[in-house]
1. Within region 280-307, how many residues turn out to be farther than 17 Å from Arg239 by Cα and crowded, with 17+ Cβ neighbours inside 10 Å?
2. Can you name the residue in region 1-17 that is of a type in the set (Ser, Thr, Tyr) and either within 10 Å of Thr84 (Cα to Cα) or over 18 Å from the mean Cα position of the chain (by Cα) (or both) and, of all such residues, is surrounded by the fewest Cβ atoms within 10 Å (Cβ to Cβ)?
3. Taking only pairs six or more apart or across chains, which ones have beta-carbon atoms under 6 Å, a first residue in region 207-233 that is touching a residue at least 24 places away in the same chain (Cβ under 8 Å), and a second residue that is buried (at least 21 other Cβ atoms within 10 Å of the Cβ) and of a type in the set (Phe, Trp, Tyr)?
4. Within the set of pairs 6 or more residues apart or between chains, which connect a residue that is in the same structural domain as Glu96 (by TED's automatic domain parsing) inside region 14-33 to a residue that is among the hydroxyl-bearing types (Ser, Thr, Tyr) and part of a loop (DSSP other than H, G, I, E, B) with Cβ atoms less than 6 Å apart?
5. Name the pairs whose Cβ atoms lie under 6 Å apart, with the first residue in region 51-80 and assigned by TED's automatic domain parsing to the domain that holds Asn171, the second hydroxyl-bearing (Ser, Thr, Tyr) and surrounded by fewer than 19 Cβ atoms within 10 Å (Cβ to Cβ), and 6 or more positions between them or separate chains?
6. Kindly state which helices (runs of 4 or more DSSP H) lie completely within region 210-311 and contain at least 3 residues that are modelled with pLDDT under 95.
7. Could you tell me which residue of region 175-188 is nearest to His249 (Cα to Cα), considering only residues that are touching a residue at least 60 places away in the same chain (Cβ under 8 Å) and outside any helix (DSSP H, G or I)?
8. Can you say whether Asp187 is within 14 Å of the chain's Cα centre (by Cα) and at pLDDT 95 or above, as far as the supplied structure shows?
Amino acid sequence: MGVIASLIIPTHGKLSLLRRTLASLEQQSADTPPFEVIVIDDASPDDTPRFLSAYGGSLALRTVRQGTNQGRAAARNAGLRLATADLVIFLDDDMEVAPGFVRAHVQYHRSADARARADPAAPVAGATVAIGNVTNAPEVTDSPIIRYMSTRGAQKVRDGGALPWRYFSTNNSSVRRSDLEAVGNFDEEFKTYGFEDLELGYRLHRHGLQFGFVPAAESSHIHYHELDDVLNKKELSGRSSLDLFIRKHPEAWRDIPMSRWDRPAANLLLNPVFYALLKPLARFDAGPISDRVFDYLVLYRTLRGLKAARG
């Protein structure tokens with residue numbers, strides 16, 4: 001039997017985390033369908049190339065080495081060109097997966113195909129995108145910002161039902177390679193952090209695909225981030241990738257709740273004084289109150305980046 005799923009993992013300079021990701025994939029349950037792993041080394045400055053070339057583990061591992069850092073969109077496209085299975089599973093290089101991870105993704109698509117044959121009008125049937133269940137490893141859960149980030153997106157839906165396209169993320173998701181090819185794969189104009197996966201998700205949505213949450217496809221985030229790390233990345237994404245996303249798809253931007261604040265009247269609230277007053281409160285993890293604080297901090301920094309891009 002040939003491989004049923006191709007896992008695509010881009011990496012850049014995170015060898016210690018990548019080792020753990022691959023080790024967890026080596027521990028998939030015995031009833032897991034055959035799968036291959038494709039790691040795209042996007043010009044890592046560490047020993048990642050040496051590790052990958054000498055890999056002697058149990059995975060059916062294939063590798064691509066990018067001579068220059070081209071970004072995650074180009075890296076994933078390079079992996080897709082090597083993929084041999086029609087089902088593609090996207091995974092980040094800072095995740096540890098549960099033993100049933102691959103099986104859950106495969107089973108979800110098989111079940112969706114069966115539902116489509118039985119009832120093409122079912123809410124999640126046929127051509128689908130599976131979004132997995134991202135949690136946090138114990139060593140990173142003591143950070144309030146990490147706890148907050150783990151409650152966003154697909155984590156708001158706990159019943160395995162349909163999701164809006166804007167929850168698509170390539171840190172743990174799967175889609176048919178034929179559907180990816182039909183929309184042109186990733187847009188390689190996205191060079192820097194963020195929105196390359198959301199932009200693909202929008203095109204998949206426009207192509208007619210539906211999105212579903214798969215609780216059993218569990219992966220744990222193992223990369224600890226400080227608050228400033230997260231906020232700096234959000235501002236970078238606003239200044240580069242979000243600006244590009246809006247220019248390409250202004251109609252899609254209106255589907256994203258953050259867009260409600262992208263208007264002159266919001267300048268009264270999105271100002272550095274409020275930001276400076278609220279940021280110290282982020283040290284305290286007070287549940288819903290903290291969530292509103294983090295909502296504001298992320299919103300402010302992302303839109304500040306977008307405003308800078310527009311001049």
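The values are calculated or read from the model by the stated rules, or taken from the named source; none is laboratory data. Computed from a predicted structure; not experimentally measured. Counting neighbours? That spans all protein chains shown, and the Cβs are built from the backbone with ideal geometry, glycine included.
1. First pass over region 280-307, keeping only residues farther than 17 Å from Arg239 by Cα: 280-296.
From what is left, the residues that are crowded, with 17+ Cβ neighbours inside 10 Å are 282, 290, 293-294, 296.
Of the residues in that region, 5 qualify.
2. Within region 1-17, the first condition is being of a type in the set (Ser, Thr, Tyr), and the residues that meet it are 6, 11, 16.
Now restrict to residues that are either within 10 Å of Thr84 (Cα to Cα) or over 18 Å from the mean Cα position of the chain (by Cα) (or both): 6, 16.
On the way: Ser6: 24, Ser16: 11.
Among those that are of a type in the set (Ser, Thr, Tyr) and either within 10 Å of Thr84 (Cα to Cα) or over 18 Å from the mean Cα position of the chain (by Cα) (or both), it is Ser16.
3. Val214/Tyr108; Ala217/Phe101
4. Glu26/Ser58
5. If the second residue must be hydroxyl-bearing (Ser, Thr, Tyr) and surrounded by fewer than 19 Cβ atoms within 10 Å (Cβ to Cβ), the pairs left are Leu61/Tyr55.
6. On the way: elements: 227-237, 243-248, 250-253, 272-278, 288-310.
Because the criterion is at least 3 residues that are modelled with pLDDT under 95, the helices (runs of 4 or more DSSP H) in region 210-311 that meet it are 227-237, 272-278, 288-310.
7. Top of the filtered list is Asp187.
8. On the way: within 14 Å of the chain's Cα centre (by Cα): no; at pLDDT 95 or above: yes.
So Asp187 fails the test.
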